[in-house]
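Below is one structure, written out as structure tokens; comments come after it.
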Amino acid sequence: MKESTKRAMSPRIATRSPSRSASLVVHAFDETAGLAKRLARALNARASLILEHRFPDRECLVRVAHRNDAEAIVVQSFNEPDGKLLPALLAADALHRAGARRVTLVAPYLAYMRQDRVFRPGESVSQTVFGECLGRWFDRVFTVEAHLHRIRRLSEATKCRGRSLSAAPVVAQWLARQAPDALVVGPDEESQTLVESIARVAGVRWAAGIKTRIDDRRVRIRFPDLPAGDRAVIVDDIASSGATIAAAAGALRARGVRTLDAVVVHAIFARGALELMRRAGVRRIVSCDTIPHPTNRISCAPLIAAALESSL
Ligand code: R5P
């Protein structure tokens with residue numbers, strides 16, 4: 001088949017040969033089983049659940065079902081990361097011992113990326129510690145919208161092959177369907193690349209604010225250059241305390257925006273975050289499925305599957 005015809009038929013996933021698929025297993029923990037199933041379906045691969053056992057002393061044991069030399073993908077998302085890191089590393093070790101020819105981590109949300117330098121004397125660089133730990137046990141790491149602002153590539157943090165995928169195409173699709181006439185707004189300077197790419201794909205206008213962080217749960221945001229309009233969608237990579245989106249919503253409402261929605265890629269949503277954002281006037285809050293949450297409306301599975309498929 002000619003290359004141009006193949007491209008027109010689009011998903012490269014559809015052209016995957018059954019024999020290669022048979023040698024690929026997507027392994028998931030309980031919490032990531034949903035996304036792993038969607039990924040396995042897209043890759044025409046087998047999905048398998050990792051058994052995670054806690055001993056009375058809270059130590060952890062994992063057991064994987066893996067055939068010799070099949071390629072392994074482990075799906076683990078690192079919201080509330082401390083209790084999830086070790087099981088992921090143990091799974092990688094178990095898969096190598098079971099004979100997997102390559103073990104790839106799909107971590108749709110990668111934690112500890114924001115502490116990417118020593119902000120105050122005496123601190124560690126968590127990004128390096130966490131990233132290198134993963135790179136020591138996994139051959140490759142794939143993630144979505146890693147918070148990389150002082151380094152350009154994920155591999156600089158993990159010291160192994162890997163990619164941080166942009167969520168812009170899937171968020172833009174949602175926007176084009178759900179809010180085609182809205183202004184896309186990034187709350188701060190760091191969100192600018194994401195909102196600009198989304199706006200370009202969706203064909204809508206965009207703006208980004210300037211943020212000053214006061215502490216973990218308080219920020220100040222202003223919008224010096226805001227195009228006129230009474231409908232906006234705030235887009236950010238992460239919502240944790242919800243303070244950033246709430247402050248952006250307050251500033252936008254003060255400038256005359258009446259209808260406000262918010263899209264976040266990683267729905268961390270610490271306690272009280274949703275209420276805070278709603279009180280600030282956000283009508284609809286939706287998220288990508290990188291962290292399982294009732295607000296998940298946008299799936300990143302096609303994005304991740306396409307990236308994996310092109311690198312197998
Ligand atoms: C940081 O700059 C990120 O892009 C997010 O804006 C931030 O992590 C959101 O955190 P919070 O919801 O706690 O304001």
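Just so you know, all these numbers are worked out from the coordinates, no wet-lab data involved. Because the structure is predicted, anything quoted here is derived from the model rather than measured. Here Cβ is always computed from backbone atoms with ideal geometry, including for glycine, and neighbour counts include all displayed protein chains.
For a test of the definition: using alpha carbon positions, the gyration tensor, and the 1.5 limit on a/c, classify the stretch 55-173 as rounded, prolate or oblate.
It comes out oblate by the Cα gyration axes.
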For the chain, what is the calculated [θ] at 222 nm in deg cm²/dmol (nearest 500), taking -39500 (n - 2.57) for each run of four or more DSSP H residues and dividing by its residue count? -10000 deg cm²/dmol
Over the Cα atoms of the chain the radius of gyration and the largest Cα-Cα distance (Dmax), both in Å, equal 20.3, 61
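For the chain, what is the number of Lys pairs with C-alpha distance below 30 angstrom, counting only pairs 8 or more positions apart or on separate chains?
4
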Report, by chain and number, residues whose modeled amide H sits under 5 Å from the one on Leu183, excluding near sequence neighbours (fewer than 5 apart, same chain). Arg231, Ala232, Val233
Per principal axis, largest first, the Cα atoms of the stretch 21-97 extend in Å by 39, 26, 15
Determine ³J(HN,Hα), in whole Hz, for all residues of the stretch 182-194 in sequence, where each value follows from phi through the Karplus function 6.51 cos²θ - 1.76 cosθ + 1.60 and θ = phi - 60°; x replaces Gly and Pro. 8, 7, 8, 10, x, x, 8, 4, 6, 8, 4, 4, 5
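Once fully extended, how much extra length lies between Arg58 and Glu189, figured as 0.36 nm per residue of separation less the alpha-carbon to alpha-carbon distance? Before the final figure, lay out each step's value.
Details: separation 131, 0.36 × 131 = 47.16 nm, distance 4.17 nm.
Contour length minus Cα-Cα distance gives 43.0 nm.
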Label-point separation in nm, Gln173 to Lys37, each point 7 Å along Cα→Cβ: 1.9
Pick out, from Val185, Gly203, Val219, the residue whose Cα sits farthest towards the positive end of the charge dipole of the stretch 181-226, with +1 on the Cβ of Lys and Arg and -1 on the Cβ of Asp and Glu. Val219
Please label the shape of the stretch 104-218 as rounded, prolate or oblate, based on the square roots a ≥ b ≥ c of the eigenvalues of the alpha-carbon gyration tensor (a/c under 1.5 means rounded; beyond that, a/b larger than b/c means prolate, else oblate). oblate
Shape call for the stretch 243-289 from the C-alpha gyration tensor, a ≥ b ≥ c root eigenvalues: rounded (a/c under 1.5), prolate (a/b greater than b/c) or oblate? prolate
Find the all-direction average of the projected area of the Cα convex hull for the stretch 202-293, expressing the result in square nanometres with one decimal place. 5.9
Compute the label zone of Ala254 within the stretch 261-287: residues whose backbone N is under 20 Å from the point 7 Å along Cα-to-Cβ. 261-262, 276-283
